[in-house]
1. Residue by residue through the range 10-20, note down the ones that are over 16 Å from the mean Cα position of the chain (by Cα) and surrounded by 12 or more Cβ atoms within 10 Å (Cβ to Cβ).
2. Here are some residues: Arg87, Arg42, Arg119, Arg54. Which one is exposed (fewer than 15 other Cβ atoms within 10 Å of the Cβ), modelled with pLDDT of 95 or more, of a type in the set (D, E, K, R) and out of contact with any Phe, Trp or Tyr (no Cβ under 7 Å at 6 or more places or on another chain)?
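The values are calculated or read from the model by the stated rules, or taken from the named source; none is laboratory data. Here the structure is a predicted model, which means the values were calculated and not measured. Cβ coordinates were reconstructed from backbone atoms using ideal geometry, including for glycine residues, and neighbour counts include every protein chain displayed.
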Amino acid sequence: MIAQAQLATIANKIYNEFLTAHLSNALTNEELAYKFEEELRRWRSALPSYFSSRDVPSWFRGPRAVILWKEQNLRMMLWRGGQRSNRIRPRSEIAIQNCVLIALDSVQAISEFCTHHERLHQGLSWYATYFLFQAVLILDVGLLHASDDPQVSFCRSA
């Protein structure tokens, strides 16, 4: 619950910053996206060891996966927001690339979890579907916007 509350605090700051910029039709600073990315990295690195340990009770594996999926989803939205708010081409390409790479990581994490846990209860299935759907949408948008980018084009063959 503590980790969830800390993540929600970071998410609230991100939503407020990007929503304010969107509503006022302002551009967000690229440094802002990197600042929030660093804040999310610090959050993840400060998590207790049982968030990365294989040796945890089975009841904890689902909630742990969900909070880590939420963090990945937040990072995707952060870079997607940065992409939409940046009108300077090179910065937008970096945002697209970051967004796509995080989406790929998210798809992989969800797929691995579902492969290793045959029967998911309804709530966990809902979270997996929700986050997987958003990641796939990000990949589709990334492929549309960066079709000739070698970092992104490998998605077409997968």
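1. Just the residues of the range 10-20 that are over 16 Å from the mean Cα position of the chain (by Cα), to begin with: 16-17, 19-20.
Passing the criteria: only Glu17.
2. Numbers: Arg87 fails: modelled with pLDDT of 95 or more; Arg119 fails: modelled with pLDDT of 95 or more; Arg54 fails: modelled with pLDDT of 95 or more.
After ruling out the rest, the residue left standing is Arg42.
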